[in-house]
1. Would you work out the relative contact order for chain A, in percent, from Cα pairs under 8 angstrom that are 6 or more residues apart?
2. Using only alpha-carbon positions, what ratio does the radius of gyration of chain B give when scaled by 2.2 N^0.38 Å?
3. Below 13 angstrom from the Cβ of A:THR110, what's the summed charge of the other residues (Lys, Arg +1; Asp, Glu -1)?
4. Relative contact order of chain B, please, whole-number percent, based on alpha carbon pairs below 8 angstrom and at least 6 residues apart.
5. Using only atoms on other chains, find how many Cβ atoms lie within 10 Å of each Cβ of peptide B:41-49 and report the average.
6. Within 10 Å of each Cβ of B:29-38, how many other protein chain Cβ atoms are there on average?
7. Please list, short to long, the whole-number percent of alpha-carbon pairs of segment B:1-44 in consecutive 5 angstrom bins beginning at zero.
8. Order these peptides, B:51-60, A:33-42, by their mean beta-carbon neighbour count within 10 angstrom, highest first.
Amino acid sequence: DAGVIQSPRHEVTEMGQEVTLRCKPISGHNSLFWYRQTMMRGLELLIYFNNNVPIDDSGMPEDRFSAKMPNASFSTLKIQPSEPRDSAVYFCASSLVRQGGTEAFFGQGTRLTVV
Amino acid sequence: GQQVMQIPQYQHVQEGEDFTTYCNSSTTLSNIQWYKQRPGGHPVFLIQLVKSGEVKKQKRLTFQFGEAKKNSSLHITATQTTDVGTYFCAGPEYGGATNKLIFGTGTLLAVQP
């Protein structure tokens, strides 16, 4: 398996524009996580899905952020409109929920810069 | 909500010295996982501990899970330059959603040759 695949790897956009980040989890995994990493706030969990259903989105900063998982092999994180403070590295991770453990496999991340 | 803190935030050692990072959760954990993130990279799973008081070793790395399942430690013996990176602990809250994985604040390790 190629692992978790995220696209794009880098994104530079102007404030106010819509940004869509994409993720393909590892085949067979049933949980998917979106994290945001910044120097100030570390690795924050934004939202996670179980079997394509959003379970907890309490980490989503505000209504400008939305995430979808239309099927088991694809998820998107959308920011509309984007703001400079959204600049960060966004990671997608997937895992296979099983008794006793749920180690997560991370994608390479998308480095977002909003100017 | 669940919070996971790590100390120290940053440690600089000479190659060959030992290193320890400590992880403390505000809630009891079902299990504790450790990840390593190289500079510019993504977090990579190292190990998972499940049982209270469990100790596991991976070559020069020793991981321990506290008796109360609220704290953990990672000890590296005789650091090497390849150990450079940020070490994160992570854990799902016991009794909560089993796979809501909350990460600690991380410890950045710098190793001087």
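Where a number appears in this text, it was derived from the coordinates with a stated rule and is not lab data. These numbers come from a predicted model, not from an experiment. Every residue, glycine as well, gets a Cβ built from its backbone with ideal geometry; the counts of neighbours run over all protein chains shown.
1. Values: 292 pairs, mean separation 42.2, N = 115.
The normalised contact order for chain A reaches 37 percent.
2. Numbers: Rg = 13.5 Å, N = 113, 2.2 N^0.38 = 13.3 Å.
Here the answer is 1.02, to two decimals.
3. Working: positive: A:ARG9, A:ARG22, A:LYS24, A:ARG36, A:LYS78, A:ARG111; negative: A:GLU11, A:ASP86.
That works out to +4.
4. Values: 299 pairs, mean separation 42.0, N = 113.
In percent, rounded to a whole number, it is 37.
5. Numbers: counts 3, 14, 9, 3, 6, 1, 1, 4, 1.
Mean inter-chain Cβ contacts per residue within 10 Å come to 5.
6. Working: counts 0, 3, 4, 0, 4, 1, 5, 0, 5, 0.
Counting Cβ atoms of other protein chains within 10 Å of each residue's Cβ and averaging gives 2.
7. The percentages, shortest bin first, are 5, 14, 20, 25, 21, 10, 4, 1.
8. Working: B:51-60: 12.2, A:33-42: 17.1.
Put in order of decreasing packing, that is A:33-42, B:51-60.
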